[in-house]
Amino acid sequence: LPYRVPAVPVPGAASGAGPAAAEAAVGALGTPVAPGGDDPDQGLDAGGLVRWAYGLQGVAVPRRPAALARAGMAVAPRELRAGDVVLLAGADGAVAHAGLYLGGGQFVHAPSEGGAVMLSSLYEPAFAAAYAGARRY
């Protein structure tokens, strides 16, 4: 038998779990937003939603939006696929928010305390202006 080199994941290679993570996030629509939340039974925040949805797929991702911006693979806007994490910057330019891309400009996110996990469009002026990139895990 010929020797086979074992498959080794390429550093930075995507997990392929994005579509399933996006589907999980859609299942969390309406979940109350809670600061620091990463459990739908207790509430979710932006980073918690991403971490929870990917965690269900067995993929560990960072918890905070700024850390999400430094992990995974960068994705150009025209290359966005379901499950890619879209990043939004605050007024100071620092990444402060994240959500999971669904397709057609739509993403699911936990917008702010007192709200609930919801769908929004990257084409809405406020989100288009705050867009700070995307990452694939």
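Have a look at ALA110, ALA116, ALA67, ALA71 and point out the one that is buried (at least 19 other Cβ atoms within 10 Å of the Cβ) and small (Gly, Ala, Ser). The conditions single out ALA110. Taking only segment 42-86 into account, find how many residues are in contact with a His (Cβ under 6 Å, 6 or more places away or on another chain) and touching a residue at least 40 places away in the same chain (Cβ under 8 Å). Of the residues in segment 42-86, 1 are in contact with a His (Cβ under 6 Å, 6 or more places away or on another chain) and touching a residue at least 40 places away in the same chain (Cβ under 8 Å). Scan segment 47-61 for residues that are in a loop (DSSP other than H, G, I, E, B) and open to solvent by less than 40 Å² (accessible area, probe 1.4 Å) and the total you get is 2.
Of all residues in segment 87-107, those satisfying the criterion of being without any contact (Cβ under 8 Å) to a residue 40 or more places away in the chain, small (Gly, Ala, Ser) and open to solvent by 10 Å² or more (accessible area, probe 1.4 Å) are ALA91, GLY93, ALA94, ALA96, GLY103, GLY104. Residues in segment 77-85: is at least one of a type in the set (Val, Ile, Thr) and either more than 15 Å from ALA17 (Cα to Cα) or open to solvent by 30 Å² or more (accessible area, probe 1.4 Å) (or both)? Looking for residues that are of a type in the set (Val, Ile, Thr) and either more than 15 Å from ALA17 (Cα to Cα) or open to solvent by 30 Å² or more (accessible area, probe 1.4 Å) (or both), one finds none in segment 77-85, hence no. Can you confirm whether VAL26 is β-branched (Val, Ile, Thr), modelled with pLDDT of 95 or more, out of contact with any helix residue (DSSP H, G or I) (no Cβ under 6 Å at 6 or more places or on another chain) and under 21 Å from LEU122 (Cα atoms)? Spelling it out, VAL26 is indeed β-branched (Val, Ile, Thr), modelled with pLDDT of 95 or more, out of contact with any helix residue (DSSP H, G or I) (no Cβ under 6 Å at 6 or more places or on another chain) and under 21 Å from LEU122 (Cα atoms).
The values are calculated or read from the model by the stated rules, or taken from the named source; none is laboratory data. Fair warning: this is a prediction, and the values are worked out from it, not measured in the lab. Ideal geometry is used to build each Cβ from the backbone, glycine not excepted, and the neighbour counts take in all protein chains shown. Protein only, heavy atoms only, side chains kept; ligands, DNA and RNA dropped before computing areas. Shrake-Rupley method; radii C 1.70, N 1.55, O 1.52, S 1.80 Å.
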